[in-house]
Amino acid sequence: AASVTFEHVTKTYPGATTPAVNDISLAIEAGRLVTLLGPSGCGKTTTLRMIAGLEMPSSGRILIGGDDVTRLPATDRDVSMVFQSYALFPHMTVMENVSYGLRFSGHDKKEAASRARAGLELVGLTGFEARLPSELSGGQQQRVAVARALVLEPQVLLFDEPLSNLDAKLRRHVREEIREIQTKLGLTVVYVTHDQEEALAVSDRIIVMNRAVVAQDGTPRELYDAP
Ligand code: ADP
Ligand code: ADP
């Protein structure tokens with residue numbers, strides 16, 4: 001797990017008149033789950049995508065584990081992202097979906113399979129290896145996506161509204177599972193949501209964004225007097 005640092009990061013999309021992210025400085029400690037919370041359009045996803053290397057800042061610096069990654073492309077960063085649409089390969093089994101990235105990054109078939117099995121066990125999907133995504137519920141598909149990201153053992157794990165396609169009961173279940181795994185493995189997680197209840201339930205720390213800037217930053221207790 002690695003820390004994530006933003007130094008005066010600004011992102012203005014081509015053609016936009018105002019920045020999507022405006023002069024943000026942050027220090028996210030290694031091994032913590034930090035949420036970016038705020039209304040639609042405030043810049044959360046842009047912030048996350050800059051950590052992933054899917055967007056480049058217009059100015060400022062981004063460091064992961066103390067290394068300057070500002071200009072590094074996504075493929076050269078040790079970061080995995082879980083999307084709100086699970087983005088599983090529909091024609092591949094659960095096992096193939098979870099081991100695909102491992103095979104791609106050079107692990108042999110046996111090693112990839114054994115790590116994939118361990119990942120599936122972490123998300124409670126042992127026994128589902130041979131299923132296709134279409135044979136799974138939405139919650140199970142998202143857990144496959146979580147396993148796929150976990151098995152790569154990234155320095156930082158990113159979640160972009162991971163629960164928004166799930167019903168209320170499943171949302172609670174999956175978010176508790178994500179939190180449990182994060183704590184158990186000591187992962188650095190940056191988690192985007194617009195749902196305050198969700199942020200309160202999972203976070204060590206909440207960064208509240210509003211109109212491209214950080215409006216508040218603190219623990220759930222500091223910000224909302226939560227337990
Ligand atoms: P949030 O995740 O909080 O909803 P975003 O980071 O997606 O916010 O968006 C912040 C601002 O940047 C919004 O005004 C949005 O319309 C704009 N934006 C996001 N992505 C792009 C893009 N690819 N091109 C142009 N503008 C974008
Ligand atoms: P991650 O390592 O974060 O899980 P992937 O390497 O699986 O991400 O995906 C990289 C890109 O490919 C993402 O933009 C994702 O949306 C896209 N992608 C992944 N799976 C599929 C799929 N089954 N169909 C279409 N696009 C996909």
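The values are calculated or read from the model by the stated rules, or taken from the named source; none is laboratory data. What you see is a predicted model; the values in this text were computed from it and never measured. When we count neighbours, we look across all protein chains shown, and the Cβ atoms used for this are built from the backbone with ideal geometry, even at glycine. All accessible areas refer to the heavy atoms of the entire protein, side chains included, with ligands and DNA or RNA removed. Shrake-Rupley method; radii C 1.70, N 1.55, O 1.52, S 1.80 Å.
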Item to check | Debye-sum result for the chain in log10 I(q)/I(0), which assumes one identical scatterer on each alpha carbon, at q = 0.14, 0.16 Å⁻¹ | outcome: -0.87, -1.11
Checklist outcome for this item: Given backbone amide H placed at 1.01 Å from N, residues whose amide H is under 5 Å from that of D217, ignoring those fewer than 5 places away on the same chain, are V208
Item to check | Whichever lysines have a C-alpha closer than 25 Å to that of K11, once near sequence neighbours (fewer than 8 apart) are set aside | outcome: K44
Checklist outcome for this item: The distance between the Cα centres of segment 100-168 and segment 55-91, in whole Å, is 18
Checklist entry - Just how far, in whole angstrom, is segment 20-39 from segment 175-199 if you go by their alpha carbon centroids? => result 14
Next on the checklist: Please compute the modelled spin-label separation between N210 and E153, points set 7 Å along Cα→Cβ, answer in nm with one decimal.
Outcome noted: 4.3
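Per the helix-only calculation at 222 nm, which mean residue ellipticity applies to the chain, given -39500 (n - 2.57) for every DSSP H run of n ≥ 4 and division by its residues, nearest 500 deg cm²/dmol?
Taking each H run of at least 4 residues, the total per residue is -10500 deg cm²/dmol.
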Next on the checklist: Can you tell me what share of the DSSP beta bridges in the chain is antiparallel? A percent to the nearest 5 is fine.
Outcome noted: 50
Item to check | Nearest-0.05 FRET efficiency for A226 and E29, computed from C-beta distance (R0 30 Å) | outcome: 0.95
Checklist entry - Given the Cα-Cα distance of S58 and S105 and 0.36 nm per residue of separation, how much length would full extension add, in nm? => result 13.9 nm
Item to check | Amide hydrogen neighbours beyond the local backbone of Y191, cut-off 5 Å, H modeled | outcome: V34, T35, L36, F159
Item to check | Eligible lysines near K109 by straight Cα distance, threshold 28 Å, same-chain separation 8 or greater | outcome: K184
Next on the checklist: With unit charges on the beta carbons (Lys and Arg positive, Asp and Glu negative) and the dipole taken about the Cα centre of the chain, which residue among G106, G43, Q182 sits farthest to the positive side?
Outcome noted: G106
Item to check | Size of charge dipole - the chain - debye, nearest 20, with Cβ of Lys, Arg +1 and Asp, Glu -1, no other charges | outcome: 320
Item to check | Probe 1.4 Å, accessible area per residue of the chain, Å² | outcome: 48
Checklist entry - Of all the accessible heavy-atom surface of the chain, with the other protein chains kept in place and a 1.4 Å probe, what percent is carbon and sulfur? => result 50
Item to check | Karplus-derived 3J(HN,Hα), 6.51/-1.76/1.60, for each residue of segment 79-87, Hz, glycine and proline x | outcome: 9, 10, 10, 10, 9, 5, 8, 4, 6
Next on the checklist: As an exercise, use a Förster radius of 22 Å and the Cβ-Cβ distance of D167 and F83 to find the FRET efficiency, rounded to the nearest 0.05.
Outcome noted: 0.75
